[in-house]
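Notes follow once the structure below has been shown.
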Amino acid sequence: MVEILSFFAGIMTSSAPLAQAFRTFRTRDTAGLSVSSYLLLLCMGSFTVLIGIQYMIYAMIILNAIGLVANFAIMFLLSRRVFSAFLLATTALAVGSLLVAPWFIPRLLTPHWAEEVAFIYGLLAAATFLPQILLTRRTRIVSSLSLPYLVLLSGGMILWTVNSILLGNYSLTFWNGILLLMSLELLRLKITCEAKQRRTAQSA
């Protein structure tokens, strides 16, 4: 059951960034996208892949890795400086861990650290879409956001929340719930702002 849910949740949440990446590369419209949110998405995506490795859920690993690559592509368009800084920081952290504590990374890839990884994932999840929500509420620019992205993301997060309940990982369940609420709020903003803009255009 967990494997099946992970597969469908992974398809939805990995397809979501692909939909956003396609829109962003096609339109080159990044005015309404938050660099901070995408930086956090890269961090959270890395931890999601790590959680899949810890529980040996191959569908989760592969599909979330695809989504991570799509978010990398979007970040490359948003800010090459931040993109390069993230890659350098990640590489330095991995190399430093291997040099200082060579046992750390092998144990990190096992369920021994599952709760700790889930907690860090949760902190990232709680903050991930907050900059994007604040930016969208302030500017009301929703043209940069892909509707299929938000629909797939919200649907996928429903499945991930159920999946984490089945795994018995309560930290992951709590934080996935927060991430779900944030994705639903972005979806609401996208729909309501576009509806208001259409009404304004028709009355003009």
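The values are calculated or read from the model by the stated rules, or taken from the named source; none is laboratory data. Not measured: the values here are computed from a predicted model. Glycine also receives a Cβ, built like all others from the backbone with ideal geometry; neighbour counts cover every protein chain displayed. These accessible areas exclude ligands, DNA and RNA; they are computed on the full protein's heavy atoms, side chains included. Shrake-Rupley method; radii C 1.70, N 1.55, O 1.52, S 1.80 Å.
Between the entries (1) 54, 36, 28; (2) 48, 39, 30; (3) 65, 39, 24, the label attached to Cα extents along the principal axes in Å calculated for this structure is (3).
Carbon and sulfur together cover what percent of the accessible area of segment 1-156 at a 1.4 Å probe radius?
75
As a rough guide to protection, the peptides 122-128, 27-33, 89-95, 141-147 ranked by mean Cβ packing within 10 Å, highest first, stand as 122-128, 141-147, 27-33, 89-95. Overall, the chain carries a charge dipole of about 980 debye about its Cα centre when +1 sits on the Cβ of Lys and Arg and -1 on the Cβ of Asp and Glu, all other atoms neutral.
The value of relative contact order for segment 128-204, using C-alpha pairs under 8 Å at least six residues apart, is 42 percent.
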